[in-house]
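Have a look at the structure below before the remarks.
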Amino acid sequence: LLLTFTGVCTAQNDITLSVFTVTSKSMTVQWSGHSGASSYKITATPKNSPEQPVFAQFSGNTVMGSVNSLSPNTVYTMQLEAMDNALNVLSSAETVETTAPDVPSIDQAYSKNSDSITVEFAEVSGATGYILRAESTTGDFFFETPAGESPGTVVGLQPYTDYILSVMSVNSGGRSQPSYPIEARTVVVAPKLNTSSPSNGSILVTWPPVDHAIRYTLIMIREGSSTRLILNTTDTTVTFDNLEPGVSYCIKGMAWDAEGRTGDDLTVCQITRPPSPDVT
């Protein structure tokens, strides 16, 4: 939760009231105790709204409490009343704060890079921004990042790893509760291509196996040409033959996971060996 300490108010007998934190439908306040109080009453009254006030009552030894069933993105006047056993008001204080916007909902989450997941979500009224949260399913990773609008992207993740994603809306009052979570997995990394030209008409490409990859795609294009040669393979060694001597060829490699998704791509360029000298 986003902690806010705003609008501290003082009334008679130096009783003070401040907002500790808010959500979309609740507001938690804290106050200084009154020596003669046997109970405290907190009343949340919406400003510029026909809705009825909401109140909660607490014992005399309590200095923090929450008022629930509030409306999202609404300005409330929070009033504290310290009362004795006869319910006489001994002292009071008030402050004004806004509840957080409504809870967003996630439409989808997907990964196009091995270190990030993009989240598309329904934006909500009154939100000035959003917070994306990513947690590993094993519980050893937790990260939050701001997003101005949908979609937002969480970066700094591990390849081919499952994450639980949620989103919260933010305004001047604080942040909403997290949305209903969704699970997504990052894609695999690109194969680390190593190239050489064993002859003036060929290029050899090798790479270490990529974890969780079931096949690979190599795309080769000759410098100055728009024609592409696409090769799919489950091997980690490929030889391109019948090439022109002394010409630069660029090769892009990518891996596929078991879900049929391509991961990162990596492009390397290699010049074939020059033509053999004419010795005649």
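Every number here is computed from the coordinates shown, using simple stated rules; none is lab data. The model shown is predicted, which means the values in this text are computed figures rather than measured ones. Here the Cβ is made from the backbone with ideal geometry for all residues, glycine too, and neighbour counts use every protein chain on show.
Is the chain best put as rounded, prolate or oblate by its Cα gyration tensor, with a ≥ b ≥ c the root eigenvalues, rounded for a/c under 1.5, and otherwise prolate when a/b is larger than b/c, oblate when not? Prolate is the answer for the chain, as a/c is 1.5 or above and a/b outweighs b/c. With contacts taken as Cα pairs under 8 Å at a separation of at least 6 residues, region 169-260 carries a relative contact order of 32 percent.
Taking amide hydrogens as placed 1.01 Å from N in the peptide plane, the amide H of THR21 sits under 5 Å from those of THR4, THR28, each at least 5 positions away in sequence or on another chain.
The phi torsions of region 216-230, fed into the Karplus equation with coefficients 6.51, -1.76 and 1.60 and a -60° offset, translate into couplings of 9, 10, 10, 10, 10, 9, 7, 4, x, 10, 9, 7, 10, 10, 10 Hz, rounded to whole numbers, with Gly and Pro shown as x.
Amide H contacts of PHE55 (H built 1.01 Å from N, in plane; Pro and chain starts excluded): ALA44 sit under 5 Å, all sequence-distant by 5 or more or on other chains. Remark: region 157-227 is approximated by an ellipsoid whose semi-axes, taken from the C-alpha gyration tensor as √(5λ), come to 45, 16, 9 Å, largest first. Each residue of region 123-130 is assigned a 3J(HN,Hα), and the resulting list reads 6, 10, 5, x, 7, 9, x, 9 Hz, derived from the Karplus form 6.51 cos²θ - 1.76 cosθ + 1.60 (θ = phi - 60°), x at Gly and Pro. Largest first, the extents of the alpha carbon coordinates of region 194-271 on the three principal axes equal 39, 24, 16 Å.
Annotation: amide H of SER91 within the under-5 Å range of ALA82, sequence separation 5 or more or interchain, hydrogens built in the peptide plane. In the chain, a dipole from Cβ-located charges (positive for Lys and Arg, negative for Asp and Glu) runs towards its positive end, and of PRO50, LEU157, GLN270 it is GLN270 whose Cα lies farthest in that direction.
Under the criterion of Cα pairs below 8 Å and six or more residues apart, the relative contact order for the chain equals 14 percent. Scalar couplings 3J(HN,Hα) for region 66-81, obtained by applying the Karplus form with A = 6.51, B = -1.76, C = 1.60 to θ = phi - 60°, are 10, 10, 10, 6, 8, 9, x, 6, 10, 7, 10, 8, 9, 10, 10, 10 Hz; x denotes Gly and Pro.
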